[in-house]
Structure formats: C-alpha cells, structure tokens
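Below is one structure, written out as structure tokens; the observations come after it.
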Amino acid sequence: MDHKQCDLNFFVATLERNNYKSTTIHELLVEAWGEEAVVGVRRIQAIAKEFSEGREGIKRQAGSGRPRTSTSPENVEIVRQLIEDNNTLSCPEIEAMTGIEERSVQRILTKSLHKKSLYYRWVPHALTEHNKENRVECAREILRTLDRRLMKEKLIVLDEKWVYLRSVRPKECQRAWVDGAGDRPQQARRTIIDRKVMVIVASNYSKSFSYIEVLHDGGSINADRYLVFLQNMFTALERHLQLPHWELHLQHDNARPHVAIIVRNWLAAERINLLEQPPYSPDFNLMDRYLFRNYEVYRSGVDFDNSNDVEANINDFITNLTANKLQKEFQQLKIHLANVIEAAGDYV
C-alpha cells in the first residue's frame with residue numbers, strides 16, 4: 001500500500017476512536033487494498049493501542065531504521081541465520097528478536113527461504129548409535145529370512161495387546177454440530193480403572209494360520225503364561241500346516257516374558273528358529289505395523305461387555321483379513337527394512 005505511515009496512523013486512529021476493533025480495521029484495509037499490500041493485524045493492534053493510550057501525533061515515530069515490513073536481502077539473511085541456529089522459532093519470536101514484522105517474517109520463510117512448518121513426528125524412542133547399528137544388523141537378517149522360500153507361511157509373528165472394553169476414539173475423530181450458543185460436547189478419557197483384557201495374537205503373512213488367546217481373568221502376560229501360549233500355538237500350527245517345528249521361524253519383540261530363560265530354553269529344545277527383533281522397533285513387526293493399528297480402527301465405536309465379546313470381535317477382524325492385504329504388508333515390510341538400512345538404522 002503506497003500510502004505514508006501517517007495516513008495509516010490517521011485511518012487507524014480514526015476508526016479506533018469510533019470503537020472499531022483492530023481485526024475489523026485490518027479487514028477493511030484488506031478489502032480495499034488486498035492482503036499483500038496491507039500490514040498485518042498485529043501492526044494494526046500496536047498502532048491502535050498507542051492511540052488508545054494517549055498518543056496524539058500521527059507522524060511516524062523514530063525507529064531503529066530497519067524497515068519492519070521489508071523482505072530485503074539483509075532481512076532474509078538475518079532470518080536465515082536465526083532459523084539455522086534454532087529451527088523451532090515462531091514468527092512472533094523472530095519479530096520480537098529482529099523488529100521485522102511477523103507478516104514479513106512469514107513471507108521470508110515461505111517465499112524466500114522456501115521453508116514450511118511441520119509438527120514433530122513422534123517416534124518410539126530416542127535411538128542411540130548402538131540402537132541404530134543393531135537395527136541395521138537385524139534388518140539385514142530379517143530381509144535374508146524373508147527372501148527364503150515359503151517364508152510367508154513359515155514366519156510366525158507374535159505379540160500381545162491390551163484391549164479396553166470401552167471404546168474411546170481419538171478426539172480429532174470426534175466432532176458434533178451444536179447450536180451457536182451451545183457447549184462443546186464432552187468425552188471422558190480412559191482411566192487406569194477402565195476394564196481391559198490382554199489378547200495374544202500369532203499369525204503368518206499368508207493368512208493360512210492365525211491363533212488367538214484372550215486372558216479372560218484380566219491378568220497380564222508373564223513367562224509361564226507365555227510359554228503355555230507358545231506350546232498351544234505350535235501344537236495348533238503343526239497340526240494345521242503339517243510342518244515340523246524346525247522349519248518354522250518365530251518373530252517376537254524383546255518384552256520380558258519373551259526373553260525369559262524358560263522360554264528361550266523351550267524354543268532351543270524344540271529347535272524353533274528365532275528371528276531377532278531389535279529393541280524399540282515396533283516398525284519391524286507385522287502386529288504393530290499393521291494388525292493392531294488396524295484393529296483399533298475396526299473396533300472403533302464398539303463397546304464390549306466382557307472378554308468373550310473381545311475374543312469374538314478380534315476373531316472376526318482376523319477372519320476378514322485378505323491374503324492379498326497380508327501379501328502387500330509382507331512386501332511393504334521388505335521395502336521398509338531396506339529403507340532402514342539406507343537410513344543407517346534411524347526411523348523412517
């Protein structure tokens with residue numbers, strides 16, 4: 001907007017004296033001159049505040065000499081250096097540090113420096129270099145195993161999960177239309193006393209075998225219970241696939257019941273091949289990568305009365321899985337492991 005600062009001050013002061021809000025003044029300016037040609041609403045608020053506190057003159061007051069709304073090369077370089085030192089700074093924070101108006105900071109970041117602001121991505125753990133090296137080694141070993149013949153049938157992936165009887169959808173998935181003066185709807189979060197049951201699931205990638213047990217007494221898994229589950233599961237597996245134990249591979253994480261001495265000794269005695277999964281790596285496991293995550297979507301909005309309802313529901317979910325989908329997940333895991341190797345073990 002090619003008007004002098006005193007013209008802007010006069011316009012803002014006049015409307016402020018007539019009880020116009022700063023946001024309304026800004027909207028009038030944008031409507032008349034276009035958004036790109038108008039200073040930001042924060043600047044309008046600052047001017048209005050000065051006049052509401054007794055300022056009388058409309059001429060521009062002496063400043064530091066730096067053009068506050070300029071995207072000059074000097075200001076671009078100032079913002080670049082600040083962002084390189086700390087890429088979490090917000091536009092208002094940069095304005096406070098430099099005197100460059102927030103709208104100009106925004107323009108510099110997006111137009112001149114081609115930056116975009118993204119939310120942090122949550123990861124399971126802050127990986128150490130040792131963790132990353134371990135992930136690379138395990139990824140290579142899993143890839144070698146997956147490339148073997150009939151491995152979609154022979155690889156059994158196993159994990160356990162707490163299933164709450166009361167379904168609570170994420171808040172971003174819950175919206176409701178209310179009257180203009182209506183209150184926001186409420187939804188109680190889960191608490192530690194909410195009823196839940198533990199489910200243990202084992203499956204291969206070909207949909208030729210799955211095995212589920214629900215701990216109906218509400219207890220959690222321990223080494224003894226896990227060993228009983230393994231014995232029951234491998235008995236059913238041998239009967240169903242008619243394969244001896246030593247041709248099978250088992251993948252589970254490093255939870256305490258899984259790595260207990262009695263479990264390791266039994267697996268060794270039965271000559272079952274154990275496919276190591278590194279710590280903090282749910283992305284290596286079919287259960288965490290796909291089955292459990294999609295089961296939460298499947299049961300969304302469904303409340304259970306008891307553990308029998310949970311067992312029936314999760315059995316329905318497993319039954320409705322298609323072999324094509326599991327085949328796709330098998331291939332996606334191979335691609336993911338290759339990407340982990342390329343990223344030197346970091347999360348991708």
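Numbers below:
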{"read-out": "Check on Asp283, assigned to a helix (DSSP H, G or I), in the same structural domain as Leu150 (by TED's automatic domain parsing) and under 28 Å from the mean Cα position of the chain (by Cα)", "value": "yes"}
{"read-out": "Test result for Asn324, more than 21 Å from Cys138 (Cα to Cα) and outside any loop (DSSP other than H, G, I, E, B)", "value": "yes"}
{"read-out": "Glu270 being surrounded by fewer than 17 Cβ atoms within 10 Å (Cβ to Cβ), within 23 Å of Asn232 (Cα to Cα) and modelled with pLDDT under 90", "value": "no"}
{"read-out": "Given (1) over 21 Å from the mean Cα position of the chain (by Cα); (2) without any contact (Cβ under 8 Å) to a residue 60 or more places away in the chain, number of the condition Phe330 does not satisfy", "value": "(2)"}
{"read-out": "Some residue of segment 263-276 being touching a Cys at 6+ places or on another chain (Cβ under 7 Å) and of a type in the set (D, E, K, R)", "value": "yes"}
{"read-out": "Leu150 vs. criteria modelled with pLDDT of 90 or more and assigned by TED's automatic domain parsing to the domain that holds Ala312", "value": "no"}
{"read-out": "Positions within segment 268-294 being under 23 Å from His216 (Cα atoms), free of Cβ contacts under 8 Å to residues at least 60 places away in the same chain and not charged (D, E, K, R), in sequence order", "value": "Asn294"}
{"read-out": "Residue within segment 116-126 that is surrounded by fewer than 19 Cβ atoms within 10 Å (Cβ to Cβ), among the charged types (D, E, K, R), in a helix (DSSP H, G or I) and within 27 Å of the chain's Cα centre (by Cα) present", "value": "no"}
{"read-out": "Counted residues, segment 235-280 - those being part of a helix (DSSP H, G or I) and not small (Gly, Ala, Ser)", "value": "16"}
{"read-out": "Residue check, Asn308 touching a residue at least 24 places away in the same chain (Cβ under 8 Å), surrounded by fewer than 13 Cβ atoms within 10 Å (Cβ to Cβ), in a helix (DSSP H, G or I) and of a type outside the set (A, V, I, L, M)", "value": "yes"}
{"read-out": "Qualifying positions in segment 311-348 - hydroxyl-bearing (Ser, Thr, Tyr) and surrounded by 14 or more Cβ atoms within 10 Å (Cβ to Cβ)", "value": "Tyr347"}
{"read-out": "Hits in segment 333-348 (condition: under 25 Å from Ala126 (Cβ atoms), in contact (Cβ under 8 Å) with a residue 24 or more places away in the chain and in a helix (DSSP H, G or I))", "value": "Leu333, His336, Leu337, Ala338, Val340, Ile341"}
{"read-out": "Residue match in segment 202-209 (condition: modelled with pLDDT of 70 or more, surrounded by 14 or more Cβ atoms within 10 Å (Cβ to Cβ) and at positive phi)", "value": "yes"}
{"read-out": "Search result, residues across segment 210-228 that are more than 22 Å from Pro278 (Cα to Cα) and surrounded by 14 or more Cβ atoms within 10 Å (Cβ to Cβ)", "value": "Ser210, Tyr211, Ile212, Glu213, Val214, Leu215, Arg225"}
{"read-out": "Qualifying residue in segment 165-175 (condition: at pLDDT 85 or above, touching a strand residue (DSSP E or B) at 6+ places or on another chain (Cβ under 9 Å) and buried (at least 16 other Cβ atoms within 10 Å of the Cβ))", "value": "yes"}
{"read-out": "Segment 240-298: number of residues that are over 17 Å from His336 (Cβ atoms) and among the charged types (D, E, K, R)", "value": "6"}
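Matching residues to (1) assigned by TED's automatic domain parsing to the domain that holds Phe11; (2) assigned to a helix (DSSP H, G or I); (3) at pLDDT 90 or above:
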residue: Arg68; (1), (2), (3): no, no, no
residue: Thr71; (1), (2), (3): no, no, no
residue: Pro92; (1), (2), (3): no, yes, no
residue: Glu95; (1), (2), (3): no, yes, no
residue: Ser104; (1), (2), (3): no, yes, no
residue: Asn134; (1), (2), (3): no, yes, yes
residue: Ile142; (1), (2), (3): no, yes, yes
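The values are calculated or read from the model by the stated rules, or taken from the named source; none is laboratory data. Given the structure is predicted, the values throughout are model-derived calculations rather than measurements. Because the Cβ atoms are built from the backbone with ideal geometry, glycine has one as well, and the counts that use them run over all protein chains shown.
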